[in-house]
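Peer 1: Just passing along the structure, written as structure tokens.
The values are calculated or read from the model by the stated rules, or taken from the named source; none is laboratory data. Predicted model only: the values in this text are computed from it and were never measured. Glycine also receives a Cβ, built like all others from the backbone with ideal geometry; neighbour counts cover every protein chain displayed.
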Amino acid sequence: MDKYSPKEIELKWQNRWAQWESAKAVEDGAKPKKYILDMFPYPSGAGLHVGHVESYTATDIYARYCRLKGFNVLHPQGWDAFGLPAENYAIKTGIHPAETTKRAVETFKRQMNSLGLSYDWSREVNSSDPDYYKWTQWLFLQFYKNGLAYKRMAKTNWCPSCQTVLANEQVVNGACERCGTAVVQKDLEQWFFKITDFIEPSFANDSDGQGPKKMAGLLNGLDDVDWPDSTKAAQRNWIGRSEGATVKFPIVILNEPRTRSGGSEESIIGGFKKYYRSFANAQDDKMFLEVFTTRPDTLFGCTYMVVCPEHPLISNFKFQISNFKEVQKYIEQAAMKTDLERAELTKEKTGVKLEGVSAVNPVNGQEIPIFVADYVLSGYGTGAIMAVPAHDVRDHEFAKKYGLPITKVVEADNKNERDGEEKQIVGVGALIRSESGKFIFQLRDANTNRFPGMIAPFGGGILEAELPINALKRELSEELNITTEDGEVSLIGNFESHFDRGKFIRMYYVARFETNGLKMTEGAETVELSLAEALENKKVTNFTKEVIRIFFGDSEAYAGEGVSVNSGFLDGLATVQAKKRMIEWLEEKKIGRRAINYRIRDWLISRQRYWGAPIPIIYCVKCGIVPVPESDLPVVLPTDVDFKPTGESPLVHSAKFQDVKCPHCDEPARREADTMDTFVCSSWYYLRYADPDNDRAFADPKQLAKWLPVDLYVGGAEHTVLHLLYSRFFTKALQKYGYLDFNEPFLKLRHQGTILAPDGQKMSKSKGNVINPDEVVAEYGADALRLYEMFLGPLEDAKPWNTASIAGVSRFLEKSWKVVLSDNFGFKGDHLPNNDEAIYRLINRAIKKVGEDIESMKFNTAISEMMKILNDLKEVMISHSVTPAAEDTFKKYFLIILSPFAPHIAEELWFRLGESESIFKKSWPEYDEKYLRVESVNLVVQVNGKLRHNLVVASEIEEEDAKKLALESDSVKKWLAGKEIAKIIFVSGKLINIVTK
RNA sequence: GCCGCGGUGGUGAAAUUGGUAGACACGAGAGACUUAAAAUCUCUUGGAGGCGACUCCGCGUGGGUUCGAGUCCCACCCGCGGCACCA
């Protein structure tokens, strides 16, 4: 027998499989289909990384398994080839993106083939190929025709480094997703896709004459798909649905109605009423400030209003605002800030009061001031808010700073009080920062009521411990007005005064603390101890951070729910009812209505970059925006363009590209020079695989019906709110306009977890800890790499790479090689008793377990099962022999269940066993229940829940017999000595638990 | 802050969904083969105690439910991911 040498066999089989077209999706109408898809990669110059290998191996195993199970499997691969990296590389080196992309694709493909991935390459797509983007452009035109693609002036995210606008989804923490540069706001005219049209259910066009079909929206459609919870939650989060109400506040101009109605408070309200009547039915929206709120029940607590710096109210009342100059200055400053700067959480809120105009709270007639402040966002709701400082932390902060009234209208359930009742209050303490910078919680002495550490002469006992700094920081910054910087609490303030105002710190501890006896140090001296030191010195016993809890009484601002008070007709109502009641009232008075707001905005798809699909639009002086006629598609991306970014699309500088005739009037016109976001190209590629060479449609409806939707989709979690949301939008839009008859593209989705470097950090070129799959294949072979990555742990978990462990799976392959190629599995079989039964048991168990594990994508345990049966095989063969028929069956079935994981070795051994047709043409074996039944089991005997004895008994043993056997055993008798049996629990085939009194 | 996921040996991880915690591997230790090393094979390997049979303790922490809890409930701590001044 020769040695197992992956190098020799793997290439051989890869070539043969290619020749045999064994991965080609067959169109056998008798079989059910499975569409198994990987997220098509961006072909980067760096080549495939181990993360790619992980997800591609997972889908490959599943695809190979499904073929063996008799499905028509569609398992394609392609290239998300447009994008910034290739363009940026081109700017640096002068090499055209088409060239670098072509090279990268070749590398990727070679690497994929070297892993034995069974892709149907006859369906390969490339998003930068004109035959592909022709249809991207065609889809754009359909969207345009149906009003889903539109151009408008908008505040956009501009990346100064990439010199292009970005979609909201591509801005991460205020910075460009690609390069990390802080994004600035720019007013630009840009193309959008109306993704917001599909949030809620809508009706598809009546394509089959059966009437319009109701289709799920982006929100409720998530209920129907098998996706990770985290991904569904993230999408819901991103869409950000909020239910509440809009409310119109009348605006009072101080030198108009107010002067007319006199000066007293009484007359102001009277004046308001008159004023309000006259405007409530008028359609003059300028005289109202409309807000959106999720807490209409707190309207009685609204004591001021805030508009965003961009709000039209400011220019509308330009001449009534007496401090307009100051306001204007503030607005200009706000406009200069990046999103990131505006959102600085640590920074204080700023704002300017609009002098000369105010608003009237419609529920109580109170005149309230209006501020402009950049903590109110222009893009959400109406760009204006009603501020309820008693019940909103942001409003509270602002009100504190500007001395605005805070009116409490909801009584919260005081959870803290309840907790306090359950735990004993030991004392009251102070937080102080010592000279060395350590943070100390100091307990007030219960006898003297003094704080010994602070007022040394008074003496007394002290307790000290370090507390988790993060928890403290959180609580302190919110509750005690303490500034925090660099992870350290820097100021405590006057403790006594906090105490006086009821904002004292109370310390609670749980009962165990008391029983261990708290020892306080004597004397006035402040001793600094870390927790470890304290325990070491036995000054404090059993003191853990869980033992000590601090919280603060009487928080003024909270966002929680409770019971309405001081709220007129809402008094006594719980929040949920109060909201309802208030909305009814608002609707009745016609000053507000139920409203739903979403966080998500329309998708900005135009980019001022070169390497993307051109937007098929022509601008004509006479006809305006003219879509390119479908017959003129594709609008080909010119290759002779200087692609240095200038803030305009590089295509602007190509006269050949730009100068065209208007398709309507034939007058000279100009082409749109922006290209589409690459995410547009990737939003429909999974449809193209169904019919990749079609030049009359993006795909033939029959082919789409045959293969779509995708049954299993695997890819990185980083696409949660980008690609996966956009693709769902595309699918829904295409269903609405009759091109598809489903609206969720991916029925089952799984993410692969990140593979970390051996040091537990992320792999990155700069850290030099990147594992190159090519090197692993060269050393251990593709089968070993595939097995290793699957054996590491659950697919979706993040897990560190451990080169040493590859040896384990490598050994397993070598063992498999020997076992299959040796007679009698390599054991001496003469004269030993025959035990075919045991062999059949092993293999049937494995067929069942491995099949089930593949179906639930638990590849790690599937592999361990295969390792286990080889271990168990040895156990059997040491003392038994088998017949050649049993041996052959075991070997062949073993190879079939191994083949999805390690296809090369399985195919090689298959042929060496004398077979003449590929193992992948075979069927997944059916397991035989007969061999899974066990006649004897290990029955666990417990006494009071503790394992005391094991009984090997027949699996169908009767309860009475089992009890008898258990009670007879010596070890059980020992534990029952002198005790009375209360009851006996019997779980058939599993255990007996004897409970004593 | 909100939402989601997780916390089990020296390491990667299993655990039939409430029934023997640590399967399967890696690593480590001891031994066999070898002149030697590698490879391979055998045994040991959660912690503590005991010569031993065995005993006690162990799934982030503290409670609870149960004959029985890694699994269910309550409270909390820590880590990761998403969103974040979204009213």
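Peer 1: Quick check on A:Ala30: is it assigned to a loop (DSSP other than H, G, I, E, B) and free of Cβ contacts under 8 Å to residues at least 12 places away in the same chain? Step through it out loud before you land on a result.
Peer 2: Details: assigned to a loop (DSSP other than H, G, I, E, B): yes; free of Cβ contacts under 8 Å to residues at least 12 places away in the same chain: yes.
So A:Ala30 passes the test.
Peer 1: Out of all the residues in segment A:240-255, is one or more under 23 Å from A:Leu740 (Cβ atoms), assigned to a loop (DSSP other than H, G, I, E, B), modelled with pLDDT of 90 or more and within 34 Å of the chain's Cα centre (by Cα)?
Peer 2: no
Peer 1: While we're on this one: I need the full set of residues from segment A:578-609 which are out of contact with any helix residue (DSSP H, G or I) (no Cβ under 6 Å at 6 or more places or on another chain), within 12 Å of RNA strand B (Cβ to nearest atom) and basic (Lys, Arg), in order please.
Peer 2: A:Arg599, the sole residue that qualifies.
Peer 1: Given segment A:643-757, what helices (runs of 4 or more DSSP H) lie entirely inside it while holding 2 or more residues that are under 30 Å from A:Ala204 (Cβ atoms) and at pLDDT 90 or above? Working first, answer last.
Peer 2: On the way: elements: A:655-658, A:678-681, A:685-688, A:701-707, A:723-736.
Counting at least 2 such residues, we get A:678-681, A:685-688, A:701-707, A:723-736.
Peer 1: Something else: With A:Phe108, A:Phe40, A:Phe82 as the choices, which residue is surrounded by fewer than 20 Cβ atoms within 10 Å (Cβ to Cβ) and at pLDDT 90 or above? Write out each step before concluding.
Peer 2: On the way: A:Phe40 fails: surrounded by fewer than 20 Cβ atoms within 10 Å (Cβ to Cβ); A:Phe82 fails: surrounded by fewer than 20 Cβ atoms within 10 Å (Cβ to Cβ).
Of A:Phe108, A:Phe40, A:Phe82, the one residue that is surrounded by fewer than 20 Cβ atoms within 10 Å (Cβ to Cβ) and at pLDDT 90 or above is A:Phe108.
Peer 1: Identify all residues within segment A:769-802 that are without any contact (Cβ under 8 Å) to a residue 60 or more places away in the chain, within 11 Å of RNA strand B (Cβ to nearest atom) and assigned to a helix (DSSP H, G or I); write none if there are none.
Peer 2: Hit for segment A:769-802 is A:Tyr788, nothing else.
Peer 1: Search segment A:803-814 for residues that are assigned to a helix (DSSP H, G or I) and pair each with any residue that is more than 7 Å from RNA strand B (Cβ to nearest atom) and acidic (Asp, Glu) when their beta-carbon atoms are under 8 Å apart and the residues are at least 6 apart or on different chains.
Peer 2: Once the first residue is assigned to a helix (DSSP H, G or I) and sits in segment A:803-814, its partners that are more than 7 Å from RNA strand B (Cβ to nearest atom) and acidic (Asp, Glu) give A:Leu813/A:Asp783.
Peer 1: Given the condition under 24 Å from A:Arg178 (Cβ atoms) and surrounded by fewer than 18 Cβ atoms within 10 Å (Cβ to Cβ), answer yes or no: does some residue in segment A:653-673 qualify?
Peer 2: So far as segment A:653-673 goes, yes, one or more of its residues are under 24 Å from A:Arg178 (Cβ atoms) and surrounded by fewer than 18 Cβ atoms within 10 Å (Cβ to Cβ).
Peer 1: Could you list, in sequence order, the residues of segment A:197-220 that are assigned to a helix (DSSP H, G or I) and more than 16 Å from A:His723 (Cα to Cα)?
Peer 2: Answer for segment A:197-220, where residues must be assigned to a helix (DSSP H, G or I) and more than 16 Å from A:His723 (Cα to Cα): A:Asp197, A:Asn220.
Peer 1: Pick out the one residue from A:Ala862, A:Ala846 that is under 22 Å from A:Leu712 (Cβ atoms) and of a type outside the set (S, T, N, Q). First the steps, then the outcome.
Peer 2: Numbers: A:Ala846 fails: under 22 Å from A:Leu712 (Cβ atoms).
Checking each option against the conditions leaves just A:Ala862.
Peer 1: Go through segment A:863-889 and give me each residue that's without any contact (Cβ under 8 Å) to a residue 60 or more places away in the chain, crowded, with 17+ Cβ neighbours inside 10 Å and in a helix (DSSP H, G or I).
Peer 2: Those that are without any contact (Cβ under 8 Å) to a residue 60 or more places away in the chain, crowded, with 17+ Cβ neighbours inside 10 Å and in a helix (DSSP H, G or I): A:Glu865, A:Met866, A:Met867, A:Ile869, A:Leu870, A:Leu873, A:Val876, A:Met877, A:Ala886, A:Thr889.
Peer 1: Something else about it: If A:Val850 meets every condition in (1) of a type in the set (Val, Ile, Thr); (2) buried (at least 24 other Cβ atoms within 10 Å of the Cβ); (3) over 17 Å from A:Leu795 (Cβ atoms) apart from one, which number is that one?
Peer 2: (3)
Peer 1: Being hydroxyl-bearing (Ser, Thr, Tyr), surrounded by fewer than 20 Cβ atoms within 10 Å (Cβ to Cβ) and more than 9 Å from RNA strand B (Cβ to nearest atom) narrows it down to one residue among A:Ser816, A:Ser822; which is it? Reasoning before the result, please.
Peer 2: Values: A:Ser816 fails: surrounded by fewer than 20 Cβ atoms within 10 Å (Cβ to Cβ).
Going through A:Ser816, A:Ser822 in turn, the sole match is A:Ser822.
Peer 1: Another question about this same structure. Residue by residue through segment A:967-988, note down the ones that are near RNA strand B (Cβ under 9 Å from one of its atoms), of a type outside the set (D, E, K, R) and not in a strand (DSSP E or B).
Peer 2: Correct list: A:Ser971, A:Trp975.
Peer 1: Next up: Only one of these conditions is not met by A:Met790: (1) surrounded by fewer than 18 Cβ atoms within 10 Å (Cβ to Cβ); (2) over 30 Å from A:Asn168 (Cβ atoms). Which number is it?
Peer 2: Only one criterion in (1) surrounded by fewer than 18 Cβ atoms within 10 Å (Cβ to Cβ); (2) over 30 Å from A:Asn168 (Cβ atoms) is unmet by A:Met790, namely (1).
Peer 1: Look through segment A:171-198, keep the residues that are buried (at least 18 other Cβ atoms within 10 Å of the Cβ) and closer than 27 Å to A:Pro627 by Cα, and return whichever of them is farthest from RNA strand B (Cβ to nearest atom).
Peer 2: Among those residues, the one meeting the criterion is A:Trp191.
Peer 1: On the basis of being closer than 30 Å to A:Gly240 by Cα and within 16 Å of RNA strand B (Cβ to nearest atom), does A:Gln142 make the cut? Steps first, answer last, please.
Peer 2: On the way: closer than 30 Å to A:Gly240 by Cα: yes; within 16 Å of RNA strand B (Cβ to nearest atom): no.
No.
Peer 1: For segment A:848-862, give me each residue that is in contact (Cβ under 8 Å) with a residue 12 or more places away in the chain and not in a helix (DSSP H, G or I).
Peer 2: A:Met857, A:Lys858
Peer 1: Kindly provide the set of residues from segment A:890-900 that are out of contact with any Lys or Arg (no Cβ under 6 Å at 6 or more places or on another chain) and either acidic (Asp, Glu) or not in a helix (DSSP H, G or I) (or both), ordered by number.
Peer 2: Residue satisfying the conditions is A:Ser899 alone.
Peer 1: Are any residues in segment A:825-840 more than 15 Å from A:Met867 (Cα to Cα), more than 14 Å from RNA strand B (Cβ to nearest atom) and either in a helix (DSSP H, G or I) or in contact with a strand residue (DSSP E or B) (Cβ under 6 Å, 6 or more places away or on another chain) (or both), and if so, which ones?
Peer 2: Listed by number, the residues that qualify are A:Gly829, A:Leu832, A:Asn834, A:Asp836, A:Glu837, A:Ala838, A:Tyr840.
Peer 1: Filter segment A:935-966 down to residues that are within 14 Å of RNA strand B (Cβ to nearest atom) and either within 49 Å of the chain's Cα centre (by Cα) or within 21 Å of A:Glu980 (Cα to Cα) (or both), then give me how many there are. Talk me through it step by step, then tell me what you get.
Peer 2: So in segment A:935-966, the residues within 14 Å of RNA strand B (Cβ to nearest atom) come out as A:936-953, A:955, A:959, A:962-963, A:966.
Subsequent filtering for residues that are either within 49 Å of the chain's Cα centre (by Cα) or within 21 Å of A:Glu980 (Cα to Cα) (or both) retains A:936-952, A:955, A:959, A:962-963, A:966.
The qualifying residues number 22.
Peer 1: Scan segment A:853-867 for residues that are near RNA strand B (Cβ under 8 Å from one of its atoms), within 15 Å of A:Glu796 (Cβ to Cβ) and polar (S, T, N, Q) and jot them down.
Peer 2: A:Asn860, A:Thr861
Peer 1: Considering only segment A:868-890, state which residues are of a type in the set (Gly, Ala, Ser) and away from RNA strand B (no atom under 16 Å from the Cβ).
Peer 2: Restricting attention to segment A:868-890, the residues satisfying the condition of being of a type in the set (Gly, Ala, Ser) are A:879, A:881, A:885-886.
Hits for segment A:868-890 are A:Ser881, A:Ala885, A:Ala886.
Peer 1: While we're looking at this one, here's another question. Are any residues in segment A:911-932 touching a Phe, Trp or Tyr at 6+ places or on another chain (Cβ under 9 Å), under 18 Å from A:Trp817 (Cα atoms) and in a helix (DSSP H, G or I), and if so, which ones?
Peer 2: A:Ile919
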